[in-house]
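The structure appears below as structure tokens.
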């Protein structure tokens with residue numbers, strides 16, 4: 001597997017044209033369409049090439065004759081180190097998310113406990129107009145807890161997807 005990078009191309013066609021070497025007697029003639037299909041298969045993000053930044057790395061299959069200055073074969077050590085760093089970053093992000101949700105859950109539990117306390121009940125007895133406000137606070141705390149659980153689940157799914165996408169970049173030797 002080779003790696004190339006985007007150099008500002010806004011279409012898959014122009015990228016394929018830049019990467020493909022001129023056919024010679026030693027290289028198989030490859031069409032732009034074949035190269036485009038292979039690039040898209042290995043790099044689904046290229047379906048939105050206009051949104052990608054210059055310098056974005058792209059996997060290029062070995063079976064294509066590439067222009068000499070357009071690709072390099074990564075060393076196994078470098079590739080593994082980069083993947084390990086990316087996966088560690090995803091793991092750290094997962095930990096930060098869990099900590100934030102746990103902190104928020106503790107705060108929500110604290111609010112709900114206080115709302116049920118004798119002190120809160122005394123405030124409502126002394127100022128009945130606050131009953132509605134405190135009731136709304138209790139409802140908001142319950143809603144917040146449910147929304148956070150849903151958000152955490154969505155974030156976990158997104159992080160799992162990122163991990164599976166990182167696995168696709170593992171170089172087979």
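The values are calculated or read from the model by the stated rules, or taken from the named source; none is laboratory data. These numbers come from a predicted model, not from an experiment. Don't worry about glycine lacking a Cβ; one is built from the backbone with ideal geometry, like all the others, and counts go over all protein chains shown.
Odds and ends about this structure:
- The residues on offer are 52, 20, 83, and the sole one that is surrounded by 15 or more Cβ atoms within 10 Å (Cβ to Cβ) and modelled with pLDDT of 85 or more is 52.
- From the options 9, 36, residue that is surrounded by 15 or more Cβ atoms within 10 Å (Cβ to Cβ), modelled with pLDDT of 85 or more and not in a helix (DSSP H, G or I): 9
- Residues that are in a loop (DSSP other than H, G, I, E, B), in contact with a helix residue (DSSP H, G or I) (Cβ under 7 Å, 6 or more places away or on another chain) and modelled with pLDDT of 80 or more do not occur anywhere in the range 97-109.
- Meets criteria (at pLDDT 90 or above, more than 30 Å from residue 4 (Cβ to Cβ) and out of contact with any strand residue (DSSP E or B) (no Cβ under 6 Å at 6 or more places or on another chain)) for residue 117: yes
- Residues in the range 85-107 that are over 17 Å from residue 153 (Cβ atoms) and free of Cβ contacts under 8 Å to residues at least 60 places away in the same chain: 85, 88, 89, 91, 92, 103, 106, 107.
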